[in-house]
Amino acid sequence: MSEPSATAVPAGTVNPALAAWRLARATVHMLHGLAVIRLEFARLDEAGRHARIRWWSRKMLAVLGVELVAEGTPRPGASLLVSNHVSWLDIIALHSVVPQARFVSKADVKHWPVVGALVTGAGTLYIERERKRDAMRVIHDMAAALKAGQTVAVFPEGTTGDGHEVLPFHANLLQAAIAEGVPVQPAVLRFADPTNAISPAAQYVGETTLAQSLWSISRARGLRAHVLLLLSEGSAHADRRRLAESLRTKITRHLREAQGLPANADDEAAA
């Protein structure tokens, strides 16, 4: 996780009793999801699994008190979904809209209690970021999934940001899409509340623990998860660094517009 930067007005909160009730319901819902994966997934077809993932993800947002606001249309078939990264909640928000996506995640998530089993059951591809050579293995696995017509999702920042800006993109994982010549679809994630266009309640940066993040989200009043799917662009024969910068620029522009800011820092200085 990256260090927090910009400060924001504290988000409004609900009373602790309601927050605790939300957490209790979320715990039950996580256990229910685990039971579905272990008892039902094996006999469900692909469409059935995707429907279950969408339902589970949307209900998880609801029990945590998070409203989903979705715009845009997921690209069908083989594609690479590329998004900015704010929180562990990102995967749930994106799965609420693109349930067929197989995410690439850091390997330690696999060992999180309950959560690890849930994301593994949803088809997550794991990468050990400390091992440089592991990236090549993951790129090979991503390419195989794309070749099979699947949607793969990545967070090229490699870590969570504070939600106000988009960190530099690492271009390596885009190579799988380029190798298979499949389209790349940018997604813009933003968590807002009635006071802030970028809510501090959803930030998962610095020394914030998962437990602290869960409590912050559960206590937030009027938290909304905005998922904006932009138009896809081709990747065949693209330079991966230029492609990464193009995607980052698009996501940044929409994220800054949502905050009422100029499209980029140069525009702000000239204003």
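The tail of the calculated P(r) for the stretch 1-115 beyond 18 Å holds 62 percent of all Cα-Cα pairs. Between LEU229, LEU189, LEU243, which gets the highest mean-square fluctuation from a Gaussian network model of the chain, Cα cutoff 10 Å? The residue with the greatest mean-square fluctuation here is LEU243. Highest average first, the peptides 156-166, 40-50, 206-216 ordered by how many other beta carbon atoms sit within 10 Å of their residues are 156-166, 206-216, 40-50. For the pair THR27 and GLU46, label points projected 7 Å from Cα toward Cβ lie 3.8 nm apart. Cross-link reach is defined here as a Cα-Cα straight distance under 19 Å, omitting same-chain residues fewer than 8 places apart; for LYS106 the lysines meeting it are LYS132.
The charge dipole of the stretch 164-242, taken about the Cα centre with unit charges on the Cβ atoms of Lys, Arg (+1) and Asp, Glu (-1), comes to about 180 debye, rounded to the nearest 20. Share of carbon and sulfur in the accessible area of the stretch 1-92 stands at 59%, probe radius 1.4 Å.
With 0.36 nm allotted per residue and the present C-alpha distance subtracted, the ALA62-LEU34 stretch has 8.3 nm of extension available. 3J(HN,Hα) couplings calculated from phi for the stretch 106-118 with the Karplus curve 6.51 cos²θ - 1.76 cosθ + 1.60 (θ = phi - 60°) are, in sequence order, 5, 5, 5, 4, 4, 9, 5, x, 6, 4, x, 5, 5 Hz; Gly and Pro show x.
So with the 1.4 Å probe, I'd like the accessible area per residue for the chain, rounded to whole Å².
Per residue, the chain has an accessible area of 48 Å².
Summarising the amide proton neighbourhood of THR13: residues at separation of 5 or more, or on other chains, whose placed amide H is nearer than 5 Å comprise ARG221. When you filter the trypsin sites (Lys or Arg not before Pro) in the stretch 116-151 for DSSP loop state and at most 16 other Cβ atoms inside 10 Å of their Cβ, you are left with ARG129, ARG131, LYS132, ARG133.
For the stretch 134-184, the relative contact order works out to 42 percent when only alpha carbon pairs closer than 8 Å and six or more residues apart are counted.
The values are calculated or read from the model by the stated rules, or taken from the named source; none is laboratory data. Keep in mind it's a predicted model, so treat the numbers as computed, not measured. Methodologically, a virtual Cβ is constructed for each residue, glycine included, from the backbone with ideal geometry; neighbour enumeration extends over all protein chains shown. What goes into the accessible areas is simple: the full protein's heavy atoms, side chains included, and nothing from ligands, DNA or RNA. Shrake-Rupley method; radii C 1.70, N 1.55, O 1.52, S 1.80 Å.
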